Amino acid sequence: MSFMKLVARAAVAMVLIGGVVRVPPAWPAGEEIVIRANAIEPHVFRATMGQRVNFVKRVDLPVHVEFGVDPSQHHVVQIPGTGPFWAVFHRPGTHSYVVHVYGTRTTATLHGIVEVVEDPQRPWKPGTCAAVVMGDCIEP
């Protein structure tokens with residue numbers, strides 16, 4: 001029996017036995033920033049304007065991420081325990097962020113950078129949103 005027939009039969013059997021198996025949407029591994037208890041990987045992430053960047057938590061502790069350098073205008077995102085959050089950067093340049101990982105007795109503060117290069121197909125115009133996090137403009 002060919003491999004494709006075997007895969008097709010297995011898929012039919014799964015539907016008949018337990019219904020359709022739902023697989024969470026995937027994204028290329030190179031488009032994610034992984035947050036661990038004591039590190040961000042990669043520390044400097046390089047993206048193109050308009051590229052979706054996923055922030056993934058790989059620690060079983062509360063984590064939040066702060067975007068923006070001005071404390072009066074920063075935007076805080078709590079990373080949900082069930083999945084990542086995403087950001088899209090529309091302005092070329094350096095976008096810094098701070099991650100706080102809350103342990104039982106200490107809080108780890110980690111710093112990261114997203115370096116964004118311009119996309120000639122989508123030039124940035126002053127007055128447009130510099131970055132969008134989960135649908136919210138965070139840097140006018």
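The values are calculated or read from the model by the stated rules, or taken from the named source; none is laboratory data. Here the structure is a predicted model, which means the values were calculated and not measured. Backbone-built Cβ (ideal geometry, glycine too); neighbour counts: all protein chains shown. When the accessible area is computed, the model is the full protein with side chains, heavy atoms only, and any ligands, DNA or RNA have been set aside. Shrake-Rupley method; radii C 1.70, N 1.55, O 1.52, S 1.80 Å.
Mind checking whether some residue in the range 52-71 is touching a His at 6+ places or on another chain (Cβ under 6 Å), open to solvent by 50 Å² or more (accessible area, probe 1.4 Å) and at pLDDT below 85?
No; the residues of the range 52-71 include none that is touching a His at 6+ places or on another chain (Cβ under 6 Å), open to solvent by 50 Å² or more (accessible area, probe 1.4 Å) and at pLDDT below 85.
Inclusion of V101 among residues that are modelled with pLDDT of 90 or more and aliphatic (A, V, I, L, M) is warranted. Of the residues making up the range 34-50, those that are buried (at least 17 other Cβ atoms within 10 Å of the Cβ) and within 17 Å of G93 (Cβ to Cβ) number 3.
For the range 47-69, filtering for residues that are under 16 Å from C129 (Cα atoms) and either touching a Leu at 6+ places or on another chain (Cβ under 7 Å) or among the polar types (S, T, N, Q) (or both) leaves 2.
Tell me which residues, restricted to the range 104-134, are part of a strand (DSSP E or B), touching a Ser or Thr at 6+ places or on another chain (Cβ under 9 Å) and either buried (at least 17 other Cβ atoms within 10 Å of the Cβ) or at pLDDT below 85 (or both). Selection gives G112, V114, V116. Whenever a residue of the range 96-111 is touching a residue at least 60 places away in the same chain (Cβ under 8 Å) and within 19 Å of F85 (Cβ to Cβ), its partners that are of a type in the set (K, R) and open to solvent by 30 Å² or more (accessible area, probe 1.4 Å), lying with C-beta atoms within less than 9 angstrom and at least six residues away or across chains, give the pairs V101/R36; V101/K57; L110/R36.
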